[in-house]
Amino acid sequence: MTVYISVVSHEDTLEIIHDLQPHRLKSPEHQIVILDNCPAQELKTYASEHNLTYLANEKIQGFGANHNKVFHYCQHMLDMDIENDWFIILNPDLECDREAIEHLIDDMRATGAKIGAPNIFKDRKFEEHEESVRRFPYLWELVTSYLFRKNRTGVDRCTDRACEVDWASGACLAFSASTFKALGGFDERYFLYYEDVDFCWRARHLLGEKTYYVPGAKMVHRGKRASHTLNNRHLWWHLTSALRFAWVRAKTALLGVDSLK
């Protein structure tokens with residue numbers, strides 16, 4: 001069994017080298033692939049020095065397209081075993097260690113989960129949780145979250161065992177390779193934001209696969225929160241992606257599961 005770890009850089013060279021430090025996650029069972037969306041020589045050198053796979057885009061692509069590209073590379077160039085291997089996506093602004101990755105996969109295998117997420121915190125003392133696991137939002141909740149800055153989709157977290165949630169943040173998500181392939185990866189029509197929500201929604205309705213939260217796998221997310229700043233392209237991407245998912249949810253209710261195919 002091999003775990004393939006995908007890290008995509010959007011001019012995140014320093015975060016990857018100094019915060020995430022993916023070379024510390026490498027082992028005989030862990031293969032690291034870095035996809036540079038805005039190619040930087042420093043990141044290429046880092047990957048070479050630590051024997052990590054480095055890929056570079058010729059043009060900028062979105063979140064889903066980039067991770068799909070890494071999965072395709074793992075499958076066709078790194079001999080990924082679709083039936084037995086695992087695929088994990090990690091944000092550049094995460095801090096985690098090899099033990100957290102192993103804990104996540106071990107708990108998923110023990111529970112039979114095909115999609116899983118760790119326990120993400122905002123601080124290194126593991127005291128302040130990030131709202132990284134939630135229930136699926138309705139359109140009115142998406143609107144009020146922007147108008148009043150209140151998240152109404154948070155859920156109570158289990159503390160002692162892996163448990164089911166609607167969806168989890170794409171800052172870190174783990175998939176069985178077979179599930180990721182069966183769903184066709186992320187929907188690339190989302191450029192940034194809500195790819196994770198959409199994936200978990202489609203997995204539940206098309207494959208019957210639920211998403212699991214693993215509290216013992218602890219990580220820190222030092223997020224930039226770019227989408228919280230008004231009048232920028234991140235806010236636009238966030239809003240358009242939210243509306244796209246709202247349509248996906250409505251379409252599922254009106255036209256049935258086949259509308260997701």
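The values are calculated or read from the model by the stated rules, or taken from the named source; none is laboratory data. Predicted model, so just to flag it, every value in this text is computed and none were measured. So basically every Cβ, Gly included, is an ideal-geometry build from the backbone, and we count neighbours across all protein chains shown.
Odds and ends about this structure:
- For the range 92-137, the set of residues classified as under 18 Å from D19 (Cα atoms), not acidic (D, E) and not in a helix (DSSP H, G or I) consists of P92, L94, C96, P118, N119, I120, F121, K122, R124, K125, F126, listed by residue number.
- H18 being farther than 20 Å from D196 by Cα, modelled with pLDDT under 95 and either under 15 Å from the mean Cα position of the chain (by Cα) or in a helix (DSSP H, G or I) (or both): yes
- Test for V8: is it free of Cβ contacts under 8 Å to residues at least 60 places away in the same chain, of a type in the set (A, V, I, L, M, F, W, C) and part of a strand (DSSP E or B): no
- Residue check, L35 more than 26 Å from V214 (Cα to Cα), modelled with pLDDT of 95 or more and in a strand (DSSP E or B): yes
- Residue match in the range 40-52 (condition: part of a strand (DSSP E or B), within 15 Å of P92 (Cβ to Cβ) and in contact (Cβ under 8 Å) with a residue 12 or more places away in the chain): no
Yes/no matrix, rows are residues, columns are (1) part of a strand (DSSP E or B); (2) touching a His at 6+ places or on another chain (Cβ under 6 Å); (3) of a type outside the set (G, A, S):
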position: K181; (1), (2), (3): no, no, yes
position: Y193; (1), (2), (3): no, yes, yes
position: R204; (1), (2), (3): no, no, yes
position: V214; (1), (2), (3): yes, no, yes
position: K218; (1), (2), (3): yes, no, yes
position: S241; (1), (2), (3): no, no, no
position: F245; (1), (2), (3): no, no, yes
position: A253; (1), (2), (3): no, no, no
